[in-house]
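Everything below concerns the one structure shown next.
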Amino acid sequence: MKISEDTIHGPLLSAGYSQTPGAYDEMTAEPGVLRPHWDVFINSLSALGAQELRRRWQTARQRIRENGVTYNVYGDPLGIDRPWNLDAIPLMIPPSEWSQLEAGLIQRARLLNLILADLYGPQKLLRGGQIPPALVFANPGFLRPCHGVTVSGNTYLHLLAVDLSRGPDGEWWVISDRTQAPSGAGYSLENRIVMTETFPDLFREFQVKRLASFFRSFRETLLRLSPRNRENPRVVLLTPGPFNETYFEHSYLARYLGFTLVQGGDLTVRDNRVFLKRLAGLKQVDVILRRLDDSFCDPIELRSDSYLGVAGLVEAVRAGNVSVANALGSGLIETSAFMPFFPGLCRRMLGEDLKLPAAATWWCGQPGALGYVLDNLDDLVIKPAFPSNGMEPVFGGKLSADGRSRLIERIKGTPHEFAGQELLSLSTAPVWSEENGLAPRRVVLRVFLAAEGDSWIVIPGGLARASSSIDTPVVSMQRGGRSKDTWVLSDGPVDTFSLQTPRDVPVTLVRGAVSDLPSRAADHLFWLGRYAERSEHLARVLRCILIRLTGESGVAAESEWESLTRMYDCLESPHARLSNDEPEADPDQQRALEKEILSRIFEEQRGDSLTAILDRAVRAAAQVRDRLSSDLLRVVNQFSSVSRAADNPAWGYVSVGDALTVLNGCIGTLAALRGIEVENMTRGPGWHFLSIGRRIERSIHLVELFRKIIVPLSRQTWPSLEMLLEVTDNSIAYRSRYFTILQPAPVLDLLMNEEVNPRSLAFQAKDLFEHCRSLSRMPSGAGWPFIKQQCLEDAAFDLFRSDVRVLCEPGASGSRERLDELLEELEGALPSLSNAVTHSYFSHAETERIT
């Protein structure tokens, strides 16, 4: 029903809401009749009126965007910047239902943990036949290197997620378990914060149970895992990185719990201990809260092609020097294939019947179950017994005749790799839209449990997800679903504890930049600066050449052709396809140069193309997106569109005019990035490293231009002086001083010795040394490569104190040998300093810096 502009009263908000046949509806007991705990809520929400409800929810969506709450839907054009989709109507659970659900979930956590402890320990269940060996030993989730590894407190599951839905009778059923790196807890917390700010009165009126106590218990559990029993253990949250679908949650949880967010490259193993690589040196890590799947955690003992994990992590765990939550190998039972065995295992291991039933499941590795699945394929969902194989669930009743035959053959070929599960009619809950009001959607509730001593605590709520349409059989955020806050109602006072500082409580003021920057972040910022500067230099040189190729007179003049080819030679490339054997210009040579330049702009497979370099800048920025402002990231994200702005995607057919448009846009975007860096970034270590990368890169390019243009300058290549001024954006500055007289000495003086010229070599050197001194004075500066910096300063001093006029006088060979010698010395010192900075701060190769 569409909400009118008029105020809505009473149950009118739910008028027109239709129940789905054969499904339990959370809001209505029967058509038009609201359940008691929903009746008051809908009436209270209706009393707000359509206009106020719309205004509040627009504010909530704005809050989500401002907070940077994102969820990466793969294939979505918005990618990692897609805003989190939250619905305005919570899922509500009355107190009586919650107490029963809570007891069943805690029992399930105990059972799953005992099963893991046995399978990675004595394996009595396998010997006794309670679990078929093929379900374990054929499962890629069983990590053989982790068998027999001691786990703190014999607790494998420190955070467990269970997906639930109601059957048509209203009973809760388990759909799946998430045991290795469950996601969603952070999103449920953000959902709650948004909802409490949007409907504060309703939240208080319904006495909704708070979530903070759950996260406090979880945090304390992680701190107690420290194998060294330190008073202040170091805990890190290990994330796959910014391209993971739930990266926002990783960053959000790390900040909320007070842990350091790290990627695999931030950690290193030395002497069977795990260390965090920081600018100040290596700091030992006690506990790792991982968001990586098991097999990716260690490329040495688990999965050799993983770039996400930490080499040697398993051995460090085995030595008892670090704890991992959840324990490595816990993904073994993250499969529906185990579900048929849980009722019997619960009676054997706990002496109790299973309190929470699961959707009926048959593992095809057993002959009887295989026969049942094949005979009832149309009524089942076929799932992989081993989820790491990557198979999507298949709905047997929706297959064509050919598809059905192929699936049967696959199941018969490797029956142990498949499981059949009863097709449940998932319950429905209302979702709200401004256009259509309330409408039913399929809903699944993910509830989280945290280990607490020898038991578990259940989050009073969880992450509810609703389907994109009533006919969608799979509830998934990746398939257009939306999330819901879950309100567990209380019949008494609720705990008001919060891990967040209240807005009306003063906080300790902190000034100055944070100097404790992870080495990986500093490394990526350093290379972001270098890639951005490299891109701009390349774009300026290519633009300079293309402008002359499109001039009215072309480059038929031989005096300009040699200068153009000399300018292009400054862009040394192992992929160059241009032959410069012919000193004279002709149409074929011009076309060849034009094609080479288009390739250098657009060809993605070419590692030194503008497109490729910009892509590397985007990747470097993405690795530190939690440390960059939204404006800066927005500019960086324009790089890809700038480099592919030509209408025709086939770069070989792009016109020179379109290519010039792309280059102009690229230079403008890079200038915007430079402006944000100067005006908006805090002057901390990250800014210094980014600036050092820029200054080193620009210095290298200037030295290369001087050696290729001025050192061998002759009357035939005299026009290259004008091109040099154009590439460095100094044409106006030169003309204001010398009019149109082009001479090598004043050009070199302007571009090499003028300290107030931001494009000069002297300016780069002065600014570079200032950044170096700033970093060396910081607490993390003990390892600064002073020797390499001094070598660079000496080379620069030798160059700048020399008489420019003397340096520009050609020798007997026609070349300027003394200038070339000084530039060569500086050219060698620049990468030497860059490599020394990398060695000192990013690689941590020196073991004596371990603390």
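The values are calculated or read from the model by the stated rules, or taken from the named source; none is laboratory data. Just so we're clear, the structure is a prediction, and the values are computed from it rather than from any experiment. Neighbour counts run over all protein chains shown; Cβ positions are idealised from the backbone, glycine included. We work out accessible area using only protein heavy atoms, side chains counted, and drop any ligands, DNA or RNA first. Shrake-Rupley method; radii C 1.70, N 1.55, O 1.52, S 1.80 Å.
Of note:
- Relative contact order of the stretch 665-792, defined on C-alpha pairs under 8 angstrom at six or more residues apart (%): 25 percent
- Dipole of the chain [Lys/Arg +1, Asp/Glu -1 at C-beta], most positive-end residue of Pro393, Pro357, Ala134: Pro357
- Nonlocal amide H pairs with Arg234, under 5 Å, H built at 1.01 Å: Asp286, Val287
- Non-local Lys pairs in the chain, i.e. 8 or more apart or on different chains, that have alpha carbons under 16 Å apart: 4
- Euclidean distance of C-alpha centroids, the stretch 686-745 and the stretch 328-368, integer Å: 72 Å
- Percent of C-alpha pairs per 20 Å bin, the chain, short to long: 13, 37, 31, 16, 3, 0
- Dipole of the chain, positive end: most advanced residue of Val541, Trp84, Thr740 [Cβ charges, Cα centre]: Trp84
- Size of electric dipole in the stretch 241-353: Cβ of Lys, Arg +1 and of Asp, Glu -1, about Cα centre, debye, nearest 20: 420 debye
- For the stretch 700-729, the set of GluC sites (Glu not before Pro) satisfying both a DSSP loop assignment and a count of at most 14 other C-beta atoms within 10 Å is empty.
- Apportionment of accessible area to carbon and sulfur, the chain, percent (1.4 Å): 50 percent
- Computed over the chain: relative contact order in percent, which uses C-alpha pairs under 8 Å that are six or more apart: 14 percent
- In order along the stretch 468-476, the Karplus-derived 3J(HN,Hα) couplings, from 6.51 cos²θ - 1.76 cosθ + 1.60 at θ = phi - 60°, round to 6, 8, 5, 8, 6, x, 10, 9, 8 Hz, and Gly and Pro are given as x.
- The charge dipole of the chain, taken about its Cα centre with unit charges on the Cβ atoms of Lys, Arg (+1), Asp and Glu (-1) only, comes to about 2120 debye.
- Counted by Cβ distance under 14 Å from Glu770, the other residues give a net charge of +3, where Lys and Arg count +1 and Asp and Glu count -1.
- Per DSSP, loop trypsin sites (Lys or Arg not before Pro) in the stretch 271-335 with at most 14 further Cβ within 10 Å: none
- Distant-in-sequence amide H partners of Arg166 (H built 1.01 Å from N, under 5 Å): Trp173, Ser427
- Whole-Hz ³J(HN,Hα) from phi, Karplus 6.51 cos²θ - 1.76 cosθ + 1.60, for the stretch 171-188, glycine and proline x: 7, 7, 10, 7, 9, 7, 10, 10, 10, 9, 8, x, 10, x, 4, x, 5, 5
- Cβ crowding within 10 Å averaged over residues, with 363-374, 760-771 ranked highest first: 760-771, 363-374
- What you get for the stretch 722-851, charging only the Cβ of Lys and Arg (+1) and of Asp and Glu (-1), is a dipole of about 380 debye around the Cα centre.
- Calculated from backbone phi, Karplus (6.51, -1.76, 1.60) coupling profile of the stretch 432-443 in Hz, x at Gly/Pro: 10, 9, 5, 7, 10, x, 8, 8, x, 9, 4, 9
- Taking all protein chains into account, the per residue accessible area for the chain stands at 42 Å² (1.4 Å probe).
- Scanning residues 5 or more positions from Ala325 or on other chains, those with amide H under 5 Å from its amide H are Ile288, Leu289, Arg290, with H placed 1.01 Å from N in the peptide plane.
- Computed helical MRE - 222 nm, the chain, DSSP H runs ≥ 4 contributing -39500 (n - 2.57), nearest 500: -13000 deg cm²/dmol
- The angle between the Cα long axis of helix 50-66 and the main principal axis of the chain comes to about 50°, on a 0 to 90 degree scale.
- In the chain, a dipole from Cβ-located charges (positive for Lys and Arg, negative for Asp and Glu) runs towards its positive end, and of Asn43, Ile709, Ser691 it is Asn43 whose Cα lies farthest in that direction.
- The stretch 376-455: GluC sites (Glu not before Pro) falling in loop per DSSP and having at most 10 other Cβ within 10 Å: Glu435
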